[in-house]
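Accompanying notes for the structure given below.
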Amino acid sequence: MLWMKTRTYKELGFIASLLFYTASISVAEDAVLPRIESAECVSEQLRAAGADCYLFFGEENRDKPNGTLVKLPVAVIAPNTEAGNPDPLFFFPGGPGVTPMYDFSWIRADAGNRTVVLIDHRGMLHAKPSLACPGRTISPYQNHLSPVIVSTLDTKERLRMHAETVENCYEKMVSEGIDVTRYNEYEISRDVEEIRQLLGYAKINIYGYSTGGGSIISYLRYFPNSVRTIVLGAPWFGEYRNRPAIDEFYTIKQSFTDILGRCVSEDLRCRELIPDWYYEIDRARRMLDEKPFSTTIRNQEGKSVTLTFDGVALMGRIYTDFEGIYTKLPNVLSRVQKQDYSALDEFFGTDQWQQVSIDDYDYYTQYGYYLAHICGDMGTNRPTKADVMAMLDREPALLAFEDNKICAWWGADGSVPPEHNTRFDSDVPGLSLHGEVDVCCTTRWGNYVARTMPNLQVVELSGLGHMLGWSAESEGECRVKLISSFLDNPMTKAEDDCMDDVPLGPWEFE
């Protein structure tokens, strides 16, 4: 039984540590690396779940060890029954950098009758060092109400604000003695492999959500013999991350149009509102560029603050919140074209505006980790400042789209092998799930990997977005069924009869 096996390894590790220190009492406390020790759980949720919690100690730079360590919290959560399966599910979080240590009930559901292993990877919230940026985060990608977007309409000033945040964050990391080049998917893979060995698991199932999908692809690349299966949930891969942002923007923009086309085909009112659905977003954007929408709100101190929204802000809102606002688009787009802005306060959610501090934001993720991760994974493929400026000249809306372009202002290439972002072949069975209204990570991502992973099944779930229904039990039923059944029988076709259970809409009209 796995729950007994887990505790056995824990006890054996403790006995081995006693024997070692008895024989070598003069050895420094941190001399044995890598190692794992029992530790307090980092959240009440883990304690309530009866998790066995550990702290992993490893080298920050394995190639040139200098005494700098990374310390990573690890949680092992046994299945709900004693007759668990012998191969655990290791979860790789997205964000990148969103800690799984608080809300993991959906991961346990997906795992079925398997032990779940959670890790705050190097640089994340509960890891040491934890890569927090100084001051306030103003990434336009993380929040469509970011000051980068709503406080000015000048493209160069917007870019300056964002680039300054990135440069300051990098300088803070370096000043703290952190080797930021070592916080990437390659090093994460090596950490996880050492943790797997220390916990005593022969083979593991690896489950990556969003950018965690890229992390498990890296792990499979470097440690193929350790993997039984892979599960990709709304994955975002390094290979696509390296593509020019302008190419990705227009590819994703097509997804907006496809959903509007669905509305037109399903509802006569929609066709009356946006008969030329191919052009409606561009027309509304053009109107907002010619006549921006402004509104005045009061901040926490009671002072008046003016927020201004142009076409860039519109594109940012559609991209970052598509699954939550796509049903409003036919009505909003048609009204904007008539210069009727009465629905825009609600559409842009201006009542939610606040200057979120980095401390508040870091309750969920570390922006410094985010930057080190996405920029580091590029290796030498980072864009130059000239690349970014040229793309923004052609497409200013890139300001509100994914942060990878800003890596031109991150101070160093990540330390990854040359093959880190090249494709590779694998016959390991896999399942790749995608939401129909997830404009970030459509089925093209899974289909791309399937070209060299013949045993990867790609499934699209109707009506679901990037979260694949994890926050709504009824909407997540199909995801749970697909993943748990796949883990039990990975070479059998996934039971995808539920993939159309969640409908689109309902569309909102006035």
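The values are calculated or read from the model by the stated rules, or taken from the named source; none is laboratory data. Note that the structure is predicted; figures quoted are calculated from it, not measured. Counting neighbours? That spans all protein chains shown, and the Cβs are built from the backbone with ideal geometry, glycine included.
In segment 224-243, is there at least one residue being out of contact with any Cys (no Cβ under 6 Å at 6 or more places or on another chain), of a type in the set (K, R), over 29 Å from T442 (Cα atoms) and at pLDDT 95 or above? Scanning segment 224-243, I find no residue that is out of contact with any Cys (no Cβ under 6 Å at 6 or more places or on another chain), of a type in the set (K, R), over 29 Å from T442 (Cα atoms) and at pLDDT 95 or above, so the answer is no. Among the residues of segment 261-281, none qualifies, meaning not one is touching an Asp or Glu at 6+ places or on another chain (Cβ under 8 Å) and assigned to a helix (DSSP H, G or I). For segment 49-72, the set of residues classified as more than 27 Å from V416 (Cβ to Cβ), under 26 Å from the mean Cα position of the chain (by Cα) and small (G, A, S) consists of A49, A51, listed by residue number. In this structure, is I206 modelled with pLDDT of 90 or more and either of a type in the set (F, W, Y) or in a helix (DSSP H, G or I) (or both)? Considered against the rule, which asks whether it is modelled with pLDDT of 90 or more and either of a type in the set (F, W, Y) or in a helix (DSSP H, G or I) (or both), I206 comes out as no. Restricting attention to segment 438-470 and to residues that are of a type in the set (S, T, Y) and touching a residue at least 24 places away in the same chain (Cβ under 8 Å), the residue that is nearest to E495 (Cα to Cα) turns out to be S462.
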